[in-house]
1. Looking only at B:Val121, B:Val212, B:Val192, which one moves most when chain B is put into a Gaussian network model with springs between Cα atoms under 10 Å?
2. Evaluate the Debye formula for region A:37-114 with equal point scatterers sitting on the alpha carbons, no solvent, and hand back log10 of I(q)/I(0) at q = 0.24, 0.28 Å⁻¹, in q order, two decimals.
3. Can you quote the Å³ per residue value for the convex hull of the Cα atoms in region A:122-242, rounded to an integer?
4. If you fit an axis through the alpha-carbon atoms of helix A:195-210 and take the longest principal axis of the Cα set of chain A, what angle between them do you get, 0 to 90°, nearest 10?
5. Farthest toward the dipole's positive end in region B:1-118, which of B:Leu21, B:Leu86, B:Ala116, given Cβ charges of +1 (Lys, Arg) and -1 (Asp, Glu) about the Cα centre?
6. Helix-only estimate, please: 222 nm mean residue ellipticity of chain A, summing -39500 (n - 2.57) across DSSP H runs of length 4 or more and dividing by its residues, to the nearest 500.
7. For A:Val25 and A:Asn267, what is the calculated FRET efficiency with R₀ set at 25 Å and r taken between the beta-carbons, to the nearest 0.05?
8. List the extent of the Cα atoms of chain B along each of their three principal axes, largest first, rounded to whole Å.
Amino acid sequence: MGGNKKKIKTFFLYLLAFAVLFLMVFPYLYMVLSSLAPWDEVDKRIIPTELSLRSYEWLFGGGENILPRPWLRAFFNSIFVTLTSTILMMVTAILVGYSITKLRFKGSNFINNVILFQMFYPAVILLIPLFLIIRSLGMYDTYWAMILPKAVSLWAIFMYTNFFRSIPNEMIEAAKIDGAGQIKIITKIVIPMSKSITTIIFLFLFMERWVELLWDMLVVKDENMLTLNVLLAQMFGPYGGYPGPMYAASVLLTLPILILFILFSKNFKKGMDFVLK
Amino acid sequence: MHKRNEKLGWLFASPYLIYTLIFFLFPLLWAVYLAFTNWNTIAPEYDFVGLENFFSALSSETVKAAFFVTYKFMIMFVPIVIIGSLLLAFLIHSLPRFKGLFSVGFFLPYLASGVATAIVVNGVLSYNSPFNEQLRNFGLDIDWLGSPILAPLIIALMMAWKFVGYYALLFLSGLESIPKEIYEAAAIDGAVGWKRFWHVTIPMLYPSFYTVTILAVGLMFGIFTEPYVLTGGGPEYSTHTWQLEIYNQAFEKLNAGYGTAVAIINSIVTFVSIYIFKKLLEKWGAKHGWE
């Protein structure tokens, strides 16, 4: 009797879990299905009666009297900017984190305090002067404008600093006695040890950079330089009459990040447990 | 040996330090300077205007709107996202298997760009959408995005959808760190069921409540993408956030000095609001023995 009751309870828990899961993925499903629907069915039915690639063809090929926008170019801009900026954020974070925890030189305390100050300093105040700096450095309308101001992540530094503290110093010392240089210690010992948090940090930095709107919108005007997110936001109004292609562009924006996340999600729970502590 | 560490330390930290000099310290000083000028970012000449930017910001209707809109978003978003993520955390925690799978699944909305979400929400809810035409057939004429009450609620819900799974993971890690012995001790004292929930589980989750609340409150001062794309701050400034105000002033109207002053006011308001929440949470925590 008790066992049955428990089974029924478990069944309803899973039912509920799947219902929530459905709610969470529904907007994604809706986006994909609408992008593949014939135009007279877009937003009219959730599940189209037949599949059509017309929205994608129109998106990349344009329509009558309407020239196509550089969506593919924007896609590659997004990949290039996001990837470069994410890698720079990781490298700078690993280097600073390692130097203040494992090299423990005279400046480490000072740097640590600067980082803490920056973390609590409201970034919004910097927005306008940052824009002016980029403009006066002649970086307006370049990839540099989107990459360099986003080459350091305080959050990533903070995470790596905490993680490196948990690596025993004896290990580093032992490697040194074996004749390993600092670079070798970082690449051969420290980075392999931090695999699961590196995955999580990479994912978080990548996706946050991928969906950035305000900054990328401010520093780039040339249509061929826009990121996909900015191009989509700009076409929201003008393409109002073409919901199908807008869904197709949304899929183009969303799918890569979803796939990347699912590919890397094996260590997700483990990495998150560290990040959330 | 130590001398080598000294040099290497500065060398490893140098990319970060150069970045901080150019993209943090310099703009920080410039911001303070800018806020006291009337520079329009283009003209070669400008004047010092003292505190004028601050005075006119404080009496501006749109700044006032941003101030109140933020708290309106907070009243809607914070309770929804806290209760929602807490429930999801309990749900995941009580599943015998596939905890990781559902954690990942509930987290998926966090990956969405606000722009793509806005496109879906607009497709379903804009006034002339087929969905709304159906509703009108049933005599329900609702202008979701054109109503100053519903538009902010929809944006709050969009954000709750995005963040609920993320915050659930914070509560989940809190739940998993509650030692079994505490429940056993509580059972001896007769705390079971709801009593245990209110007097043991919830107070034990204090660190998670603290983090989630501070994150959620802080988030409300940085809303930009959703209203920018979906409502443009309207109708009647009902979704006009601080970020929109700063963007409009500095980059649409080119009032860089004034915009910076608004950003400084925004930061002070944010700081004070978060401080009040921190104090309230700490008071609640202290009642239950948390430091």
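1. B:Val192
2. After summing over all Cα pairs, the log10 values are -1.02, -1.16.
3. Normalising the Cα hull of region A:122-242 by residue number yields 157 Å³.
4. Orientation of helix A:195-210: about 50 degrees from the principal axis.
5. The listed residue farthest towards the positive side: B:Leu86.
6. -21000 deg cm²/dmol
7. Working from the Cβ atoms, E equals 0.70.
8. In descending order, the Cα extents are 81, 76, 35 Å.
The values are calculated or read from the model by the stated rules, or taken from the named source; none is laboratory data. Note that this is a predicted model, so its numbers are computed, not measured. Here the Cβ is made from the backbone with ideal geometry for all residues, glycine too, and neighbour counts use every protein chain on show. Side chains are part of the model used for accessible areas, which takes the heavy atoms of the whole protein and leaves out ligands, DNA and RNA. Shrake-Rupley method; radii C 1.70, N 1.55, O 1.52, S 1.80 Å.
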